[in-house]
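The values are calculated or read from the model by the stated rules, or taken from the named source; none is laboratory data. All values derive from a computational prediction rather than experimental measurement. For neighbour counting, all protein chains shown are included, and Cβ atoms are generated from backbone atoms with ideal geometry for every residue, glycine included. Heavy atoms of the whole protein, side chains included, go into the accessibility calculation; ligands, DNA and RNA do not. Shrake-Rupley method; radii C 1.70, N 1.55, O 1.52, S 1.80 Å.
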Protein chains: 2
Amino acid sequence: MQNLIHKAARLIAEQNTAFLSSIDENGFPNTKAMLPPRKMEGIKTIYFSTNTSSKRVAQFRMNDKACLYFVNRPAFEGVMLIGTMEVLEDSTFKEMLWQKGDELYYPSGITDPDYCVLKFTTLKGRYYSNLKSADFDAS
Amino acid sequence: MQNLIHKAARLIAEQNTAFLSSIDENGFPNTKAMLPPRKMEGIKTIYFSTNTSSKRVAQFRMNDKACLYFVNRPAFEGVMLIGTMEVLEDSTFKEMLWQKGDELYYPSGITDPDYCVLKFTTLKGRYYSNLKSADFDAS
């Protein structure tokens with residue numbers, strides 16, 4: 001199990017895209033490419049920065065069930081993480097994730113009301129390698 | 001609207017990966033990379049081949065709500081399609097999608113009980129280009 005989690009963490013760290021899924025107001029899954037996580041605590045807690053006004057944030061406020069997916073396409077390997085998503089507007093988290101250049105997205109800086117943090121908490125995951133897959137528990 | 005649908009169809013046709021999302025038995029979205037569609041009728045109907053025994057098939061039999069996502073990462077463009085998924089085991093569809101080399105996945109050939117067809121019917125979509133997005137109706 002630890003080996004799988006280690007492999008998953010490495011695969012995630014190497015990708016430049018995260019695929020984030022939420023549930024919309026009609027119960028459909030909604031998937032979107034995101035920039036890679038801003039911060040990870042193992043694979044248990046994964047942080048992104050995003051726009052407070054986005055559809056995705058509105059959906060997570062209604063339903064916190066979420067999925068993150070990462071793929072190494074040339075190697076035919078992928079990681080699916082199932083968990084919950086919190087929308088954080090506390091300045092502590094906003095400061096923690098802020099990077100130089102974020103003014104492009106949030107012109108008012110760290111206190112920009114359209115800047116918020118998404119905190120994903122992993123419950124479980126699945127590692128795909130070629131045509132095989134294996135589940136792991138991350139809770 | 002027609003222009004957006006045209007752009008979406010072109011982006012989809014150019015990608016080598018589809019990201020397919022379903023809803024699991026606990027109501028969480030589940031996302032996975034798939035080989036590209038085997039057949040498309042515009043963007044309205046999209047077919048994939050897959051394993052009958054897969055978790056994904058079991059999920060769509062319980063809940064047909066689905067999402068397809070395609071991304072052109074270098075161009076920062078993406079397409080999200082929201083719709084429903086049918087699991088088809090009729091020989092007509094299985095024959096329609098069969099390609100040389102599929103024996104690798106389905107050793108018993110077209111009649112392999114572990115070979116089935118996923119038929120996605122698009123209801124609506126969203127086209128992402130850089131930091132902007134626009135919805136379109138495909139029903």
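Per-structure values
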{"quantity": "Some residue of the stretch A:116-128 being part of a loop (DSSP other than H, G, I, E, B), open to solvent by 10 Å² or more (accessible area, probe 1.4 Å) and not basic (K, R)", "calculated": "no"}
{"quantity": "Residues being among the charged types (D, E, K, R), within 14 Å of B:N30 (Cβ to Cβ) and part of a strand (DSSP E or B) - total across the stretch B:56-79", "calculated": "1"}
{"quantity": "Qualifying residue in the stretch B:3-19 (condition: outside any helix (DSSP H, G or I) and either farther than 30 Å from B:E103 by Cβ or touching a helix residue (DSSP H, G or I) at 6+ places or on another chain (Cβ under 7 Å) (or both))", "calculated": "no"}
{"quantity": "Selection from the stretch A:37-55 of residues that are free of Cβ contacts under 8 Å to residues at least 60 places away in the same chain and either closer than 13 Å to A:I23 by Cβ or part of a strand (DSSP E or B) (or both)", "calculated": "A:K39, A:M40, A:E41, A:K55"}
{"quantity": "Conditions (1) over 25 Å from A:N72 (Cβ atoms); (2) assigned to a strand (DSSP E or B); number of the one not met by B:P113", "calculated": "(2)"}
{"quantity": "Selected residue (criterion: nearest to A:R56 (Cα to Cα)) from residues of the stretch A:92-115 that are hydroxyl-bearing (S, T, Y) and open to solvent by 70 Å² or more (accessible area, probe 1.4 Å)", "calculated": "A:Y105"}
{"quantity": "Meets criteria (touching a Gly at 6+ places or on another chain (Cβ under 9 Å) and either within 12 Å of chain B (Cβ to nearest Cβ) or at pLDDT 95 or above (or both)) for A:I12", "calculated": "no"}
{"quantity": "Of all residues making up the stretch B:29-62, the number that are touching an Asp or Glu at 6+ places or on another chain (Cβ under 8 Å), more than 14 Å from chain A (Cβ to nearest Cβ) and open to solvent by 60 Å² or more (accessible area, probe 1.4 Å)", "calculated": "0"}
{"quantity": "Failed condition for B:S91, given (1) at pLDDT 95 or above; (2) within 14 Å of another protein chain (Cβ to nearest Cβ)", "calculated": "(2)"}
{"quantity": "Members of the stretch B:80-104 that are part of a loop (DSSP other than H, G, I, E, B) and either in contact with a Lys or Arg (Cβ under 8 Å, 6 or more places away or on another chain) or among the charged types (D, E, K, R) (or both)", "calculated": "B:E89, B:D90, B:Q99, B:K100"}
{"quantity": "Pair list, Cβ < 8 Å and 6+ apart or interchain, from the stretch B:63-85 residues that are more than 10 Å from chain A (Cβ to nearest Cβ) and within 16 Å of B:I5 (Cα to Cα) to residues that are open to solvent by less than 50 Å² (accessible area, probe 1.4 Å) and not hydrophobic (A, V, I, L, M, F, W, C)", "calculated": "B:V79/B:Y69; B:V79/B:G125; B:V79/B:R126; B:V79/B:Y127; B:V79/B:Y128"}
{"quantity": "The stretch B:1-28 - residue that is more than 19 Å from B:I43 (Cα to Cα), touching a residue at least 12 places away in the same chain (Cβ under 8 Å) and not β-branched (V, I, T) and, of those, least open to solvent (accessible area, probe 1.4 Å)", "calculated": "B:D24"}
